[in-house]
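Notes to accompany the following structure.
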Amino acid sequence: MSLGKRAVAEFFGTFWLVLGGCGSAVLAAAFPQLGIGFVGVAFAFGLTLLTMAYTIGHISGCHINPAVSFGLAMGKRFSWRDLPAYVVAQVLGAIAASTVLYIIASGKAGFDVHAGFASNGYGAHSPGGYSLLACFVCEVVMTCFFLLVILGSTHERAPKGFAPIAIGLCLTLIHLISIPVTNTSVNPARSTGPALFAGGWAIHQLWLFWLAPIIGGSLGGLIHHWLFEKLPAEPPIAGDLH
């Protein structure tokens, strides 16, 4: 598959992740009496990733996240040469989805994009008021384990066909843990799209949601490659003469 087609797949995959995940937060999470809350938003992000993994995984690998692309490159599963095209496509997909979400959300009277628009934040802009250090550590650790799950579930010795389920549920769990802390990024593209519309503090704090996920993703890629990538061959089954 050409790099151009893979990049287009990454664009659409990231578009769906941001529209589904951030859209659930902006449009449905706080809806009076029927709001889906933190749990619903967490599952929305997990479901968008799971559905896209089955849809474009065989085309581009379904990174739909610059931190994942960095982590896979560090883990020797992805070419550094292809990284810029993937990251650009992912960021453009997130911006396009945020544009669509803004058009929909602004159709309701009283909508205020500057109230947050599903942006990520720390300190006064953390949902639970968590400090910069707490948010940094949270994003690094969550993204690191996200990469460990991705690399482990897609390993040649892992059960075939189940990786999207493990990865989607992992992203759901990450959101269940960290929405109160940072509103959950673990994805610089996901953070960039909404921040461009929210402006102000969201733009000023965006650096953290590039730096921490990329550090975490890179650590996850390095750890997996160092510890698990070169596993010994499985022992032969007793009686197997082949």
Q.
Out of everything in region 80-104 that is among the hydroxyl-bearing types (S, T, Y) and open to solvent by 50 Å² or more (accessible area, probe 1.4 Å), what residue ends up being nearest to the chain's Cα centre (by Cα)?
A. T99
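From the list L148, L169, pick out the single residue that is within 16 Å of the chain's Cα centre (by Cα), assigned to a helix (DSSP H, G or I) and more than 19 Å from C22 (Cα to Cα).
On the way: L169 fails: more than 19 Å from C22 (Cα to Cα).
From the options L148, L169, the qualifying one is L148.
Between F111, F117, F146, which is under 17 Å from L171 (Cα atoms) and among the aromatic types (F, W, Y)? Step through it out loud before you land on a result.
Details: F111 fails: under 17 Å from L171 (Cα atoms); F117 fails: under 17 Å from L171 (Cα atoms).
Result of the check over F111, F117, F146: F146.
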Q.
If I filter region 30-38 for residues that are open to solvent by less than 70 Å² (accessible area, probe 1.4 Å), in contact with a Lys or Arg (Cβ under 8 Å, 6 or more places away or on another chain) and on the phi < 0 side of the Ramachandran plot, do I get at least one hit?
A. no
**Q.** Candidates H155, H114, filtered to the one that is assigned to a helix (DSSP H, G or I) and not acidic (D, E)
**A.** H114
Q: Evaluate region 221-233: report whether one residue or more is modelled with pLDDT under 95, open to solvent by less than 70 Å² (accessible area, probe 1.4 Å) and part of a loop (DSSP other than H, G, I, E, B).
A: yes
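State the number of residues belonging to region 117-134 that are in a helix (DSSP H, G or I) and either surrounded by 19 or more Cβ atoms within 10 Å (Cβ to Cβ) or among the aliphatic types (A, V, I, L, M) (or both). Write out each step before concluding.
Going through region 117-134, the residues in a helix (DSSP H, G or I) turn out to be 123-125, 132-134.
Within this subset, residues satisfying the condition of being either surrounded by 19 or more Cβ atoms within 10 Å (Cβ to Cβ) or among the aliphatic types (A, V, I, L, M) (or both) are 124-125, 132-134.
Selection size over region 117-134: 5.
The values are calculated or read from the model by the stated rules, or taken from the named source; none is laboratory data. Because the structure is a prediction, the values reported are computed rather than measured. Glycine gets a Cβ as well: all are built from the backbone with ideal geometry, and neighbour counts include every protein chain shown. The protein model used for the area step is the full one, side chains on, heavy atoms only, and it has no ligands, DNA or RNA in it. Shrake-Rupley method; radii C 1.70, N 1.55, O 1.52, S 1.80 Å.
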